[in-house]
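Below is one structure, written out as structure tokens; comments come after it.
Each reported figure results from applying straightforward, stated rules to the coordinates on display, with no laboratory input. On a predicted model such as this, the values are computed, not experimentally measured, just so you know. No Cβ is skipped: glycine too gets one built from the backbone with ideal geometry, and neighbour counts run over all protein chains shown.
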Amino acid sequence: MSDNTLASRLYPTRIDLPAAARVQIVVILNQTLAATLDLKTQTKQAHWNVKGTDFFQLHELFDELAGELEEYVDMVAERVTALGGYALGTARAAASNSILPEYPFDILDGKEHVTALADRFAPYAKHIREAINKTNELGDADTADLYTEISRTIDKRLWFLEAHLQVSEIKGDNGTAGATTKTPQKAGIR
Ligand SMILES: [Fe+2]
């Protein structure tokens, strides 16, 4: 059976949401499951491999983020099964279905890892926000609420990551006020 067929497979259930809507919701949730598993393992990759003067605080922060993502993996997978669906939660399924790019294996210091994670938390946040609207439109307020809960925390975590980067993005690459080689607009800051 292909991943697409598995991702939309439904078991008999007494739940009152129509099957036509549940098929679509389960597909969206399985996309989220893949992306969440992928982001969790990438965040652990950063936790293990970060180096530099900020090692300890980043090592701890990345572990906290990975722990939250692990909770979302379980919440999302169990929403799939509550809707009568089949959860696709293996490492191989995550790798083939994730919307995220692979983590760079050639980076070293804290800022590079924070940037790599911010570059992945941002599209993940976008996917989650889009899923709030899609599942609302499909008449599933509970799944939309689950997505809203995840969205609020992921936005906050993107802030935590970007707060490490914004000073140098505003002031220039070396983070000093005198080195304003980029205007805030050029650096994408409004
Ligand atoms: Fe650890």
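Miscellaneous remarks
- Cβ-derived FRET efficiency at R0 35 Å, L165 paired with D145, nearest 0.05: 0.65
- FRET efficiency estimate (nearest 0.05) - Cβ-Cβ, D74 to Q24, R0 22 angstrom: 0.50
- In loop segments of region 47-154 as defined by DSSP, the chymotrypsin sites (Phe, Trp or Tyr not before Pro) with at most 13 further C-beta atoms inside 10 Å of their C-beta are F105.
- Taking 7 Å steps out from each Cα toward its Cβ at D119 and R152 produces label points 3.1 nm apart.
- The protection proxy used here, the mean number of other Cβ atoms lying within 10 Å of each residue, ranks peptides 23-34, 130-141 as follows, highest first: 23-34, 130-141.
- Cβ-Cβ FRET estimate between S8 and R92, R0 fixed at 22 Å, reported to 0.05: 0.75
- Pairwise centroid distance, computed over Cα atoms, of region 1-78 with region 91-134, Å: 11
- For G85, the residues whose amide H sits under 5 Å from its own are Y11, ignoring neighbours fewer than 5 places away on the same chain, with H placed 1.01 Å from N.
- Taking the longest Cα principal axis of the chain as reference, the axis of helix 55-82 is set at about 10 degrees.
- With contributions of -39500 (n - 2.57) from each DSSP H run of at least four residues, the per-residue ellipticity at 222 nm computed over the chain stands at -22500 deg cm²/dmol.
- Note on the chain: with a GNM built from Cα contacts shorter than 10 Å, the maximum mean-square fluctuation among I99, I15, I107 falls on I15.
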